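Visitor: Let me begin by handing over the structure; questions about it come next.
The values are calculated or read from the model by the stated rules, or taken from the named source; none is laboratory data. Everything numeric here is computed off the predicted structure, so don't read it as measured data. A quick note on method: Cβ atoms are made from the backbone with ideal geometry, for glycine too, and the neighbour counts reach across all protein chains shown.
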Amino acid sequence: MKFTKLAITMLCALVVFCGCAKNSDVVIKVNNTEITRGEFYGDFEKIKSVQVKNLPKEFQQDNSFTVLSMKEKFVNDTILRALVSEEFAKRNITVTPKEVNERKAKLIAQVGSEEQFNNILKSSGITEAKMLEDLESEAKLDKLVKTLEKGNVSDSEALKYYNKNKTAFTLPKRVRASHILINTDENALKRELTESDKEGKLSTAEIDKKAKEEAQRREKLVNEIRQKAANNPKNFAQLAKEYSQDPGSAQKGGDLGFFVKEQMVPEFANAAFTQKVGVVGPVVKTQFGKHIILVTDKAAGGLQPFNSVKEDIKVYLGEQKKFMAFQKFAKGLKDNATIEFYDESLKPDVLRKQIEESLSKKMSKEKYENIPASKKKTLEKMQEQK
């Protein structure tokens, strides 16, 4: 079982403001903190544009319910941000530039390089100054949470969780393999040639001829590469970088990492799970093309020993404790806060009613779309008569 940090790290986002032009039109007042229209809607539009973009197409086309739900959550998050910021001031919680830079370094390491990190910031529309401000807020939140709950977990607590959740720690057989992919399908090559011939200079006969010749060349190439790899498996990674047509793995030397049998198409999986480690197998044909496979490691299935997962469990349970403590603390802050809504559309009861109405319409629409065409006509006639 692989653990990731729990939602406590996600809560760091609650203290992050995107930054935008302000105006004096207050929409929400939380105790003594005023949130202006510019702050609220500027931040919300940025978040909405990113989240909607990542939705499936069908939700992008009909997203009124989704957007309203986002807005409801953003109102709650905005209120909590203000309350938490007040707590930072009350408790005199501060962080040093060194602490902020350490967080930045960790983020850069996670994404791979500083260049990639800067590209992510650019695509998100976040300046470096704003990013550092956000990291400062995250660091403050971590310190606040630690005053509520240390997150200490004993060995006995970890063992109890392990014994109750053994299925989560039971792994299937896995294989780690690298491959070199060459597409030799003549029809696919015809399509490529047709698409690339935008000016229509090639006749159908010429395209057929070129595709056939290219397919034959690639068939020969596959066998040559396979022979080179079999003669010296140590050069497999270099051959993959040079020849493989799989963009996802080529630059990693063809490495696909560990995978279970069901993750791959049957022809590939059967070959990978029967080959010996360190041996280049015969060429395998799948719907994607011809594969040259090198199995680099195998992992037996079964229950992972407690000692091998104990520390992960402790981290997981510790984060859970922190999360629950913060949830309780946040509820107390909201229950005792004075919250005034100057924009009626942001009131929780108004938003909830709009969400329920939108959901009702969405469900009715989906139900209607599933009705047979003959019944739809009858319903439409009845509607016209009304």
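Visitor: Quick one: which residue in Leu144, Leu159 is in contact with a Phe, Trp or Tyr (Cβ under 8 Å, 6 or more places away or on another chain), on the phi < 0 side of the Ramachandran plot, loosely packed, with under 15 Cβ neighbours inside 10 Å and part of a helix (DSSP H, G or I)?
Guide: Leu159
Visitor: Only one of these is farther than 22 Å from Lys73 by Cβ and assigned to a helix (DSSP H, G or I): Leu317, Leu333, Leu294. Name it.
Guide: Leu317 is the lone residue from the list that is farther than 22 Å from Lys73 by Cβ and assigned to a helix (DSSP H, G or I).
Visitor: With the requirement that a residue be surrounded by fewer than 18 Cβ atoms within 10 Å (Cβ to Cβ) and assigned to a helix (DSSP H, G or I), what does the range 89-101 give you?
Guide: Within the range 89-101, Ala89, Lys90, Pro97, Lys98, Glu99, Asn101 meet the criteria.
Visitor: Please give the number of the condition Ala168 fails out of (1) small (Gly, Ala, Ser); (2) within 30 Å of Lys298 (Cβ to Cβ); (3) in the same structural domain as Phe236 (by TED's automatic domain parsing).
Guide: Unmet condition: (3).
Visitor: Moving on to the next point. Considering only residues that are touching a strand residue (DSSP E or B) at 6+ places or on another chain (Cβ under 7 Å) and assigned to a helix (DSSP H, G or I), look in the range 162-208 and name the one that is surrounded by the most Cβ atoms within 10 Å (Cβ to Cβ).
Guide: Per the criteria, the residue is Phe169.
Visitor: Taking the range 153-167 on its own, how many of its residues are in contact (Cβ under 8 Å) with a residue 12 or more places away in the chain and either within 29 Å of the chain's Cα centre (by Cα) or over 16 Å from Val315 (Cβ atoms) (or both)?
Guide: Residues flagged as in contact (Cβ under 8 Å) with a residue 12 or more places away in the chain and either within 29 Å of the chain's Cα centre (by Cα) or over 16 Å from Val315 (Cβ atoms) (or both) within the range 153-167 amount to 6.
Visitor: Let me ask something else about it. Inside the range 219-245, can you point out the residues that are charged (D, E, K, R), within 30 Å of Thr194 (Cβ to Cβ) and touching a helix residue (DSSP H, G or I) at 6+ places or on another chain (Cβ under 8 Å)?
Guide: Lys241
Visitor: Another question, then. Determine, yes or no, whether Thr296 is closer than 30 Å to Lys276 by Cα and touching a strand residue (DSSP E or B) at 6+ places or on another chain (Cβ under 9 Å).
Guide: yes
Visitor: Test Ala211 against the criterion of being part of a helix (DSSP H, G or I), under 20 Å from Phe288 (Cβ atoms) and within 38 Å of the chain's Cα centre (by Cα), and give yes or no.
Guide: no
Visitor: Follow-up question, since we're still on this one. Can you find, within the range 103-136, the residue that is modelled with the highest pLDDT among those that are over 23 Å from the mean Cα position of the chain (by Cα) and surrounded by 13 or more Cβ atoms within 10 Å (Cβ to Cβ)?
Guide: Glu136
Visitor: Report, by residue number, each residue of the range 269-282 that is crowded, with 19+ Cβ neighbours inside 10 Å and over 30 Å from the mean Cα position of the chain (by Cα).
Guide: Listed by number, the residues that qualify are Ala271, Gln275, Val280, Gly281.
Visitor: Pick out the one residue from Glu87, Glu115 that is in contact with a helix residue (DSSP H, G or I) (Cβ under 7 Å, 6 or more places away or on another chain) and charged (D, E, K, R).
Guide: Going through Glu87, Glu115 in turn, just one is in contact with a helix residue (DSSP H, G or I) (Cβ under 7 Å, 6 or more places away or on another chain) and charged (D, E, K, R): Glu87.
Visitor: Looking only at the range 123-141, which residues are hydroxyl-bearing (Ser, Thr, Tyr) and assigned to a helix (DSSP H, G or I)?
Guide: Residues satisfying the conditions are Ser123, Ser124, Ser137.
Visitor: Let me ask something additional. Among Gln251, Gln245, Gln263, which is the only one that is closer than 19 Å to Arg226 by Cβ, under 26 Å from the mean Cα position of the chain (by Cα) and either free of Cβ contacts under 8 Å to residues at least 60 places away in the same chain or surrounded by fewer than 18 Cβ atoms within 10 Å (Cβ to Cβ) (or both)?
Guide: Answer to the selection: Gln245.
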